[in-house]
Every structure is written in structure tokens, then in C-alpha cells.
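Please treat every number below as a calculation from the coordinates, not as lab data. Being a predicted model, the structure only gives us computed values, none of them experimental. Every residue, glycine as well, gets a Cβ built from its backbone with ideal geometry; the counts of neighbours run over all protein chains shown.
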Amino acid sequence: MKNTIRNFTDEYIVKYLKKVPGEQRFGIYRFLPFFFIFGASLEYLMIHLKAGPNQVNFYSTLKRKQAEQVLDQKEKLESYFKSESNSI
């Protein structure tokens, strides 16, 4: 039973993949426009979709994390120079 469902699904998928034009000329690369559109829409959603109670998106989170890293590095440098100046 399980194999027949799987075979039917595989045949169904292959049937529709074969309908995409350009197999002779482009081969497997004929699917690139679909993936390009998928990637562009994913990027658009990452920029414009805000989630959660704080209404944050991917890029605001990324900027905040980078700012925290810069501050941590600055604090480490300041503490290092203070310890060096105290030892002199």
C-alpha cells in the first residue's frame, strides 16, 4: 500500500516536471527561473515581513546582533588598553 502511494506520487511529480519546457536546450537548468523567483520572494519576505510582539524582521535582528558584537569588541579593547596602561 505504501509503495503504491509513493510510486503514484513519484509518477505524478515526474509527469508535471516533464511538462516544463526547455528540456532539450537547457536540461536541468530550465528550473532556474523558478528558483530565482522563489529566492527573490523569500528575500522580500525577510525584509518586509515583521513577526512577533516586537515586530522585528530578519535585518533588524541582524543589525542588532552586529551592533552588540561591535560593542563587545570595543569593550574588550578598552579593558585591554586599561590593563596595559596600568602595568606600565
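Using 0.36 nm per residue, how much length does the chain from L32 to K76 gain when fully extended, once their Cα-Cα distance is taken away?
Between L32 and K76, full extension yields 11.2 nm more.
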If the elastic network links every pair of Cα atoms under 10 Å, which of I13, I47, I37 fluctuates the most in the Gaussian network model of the chain?
I13
Where is the GNM fluctuation largest for the chain (alpha-carbon springs, 10 angstrom cutoff): Y59, Y29, Y12?
Y12
Quickly work out the T61-to-L49 label distance, labels modelled 7 Å from Cα along the C-beta direction, and quote it in nm with one decimal.
1.2
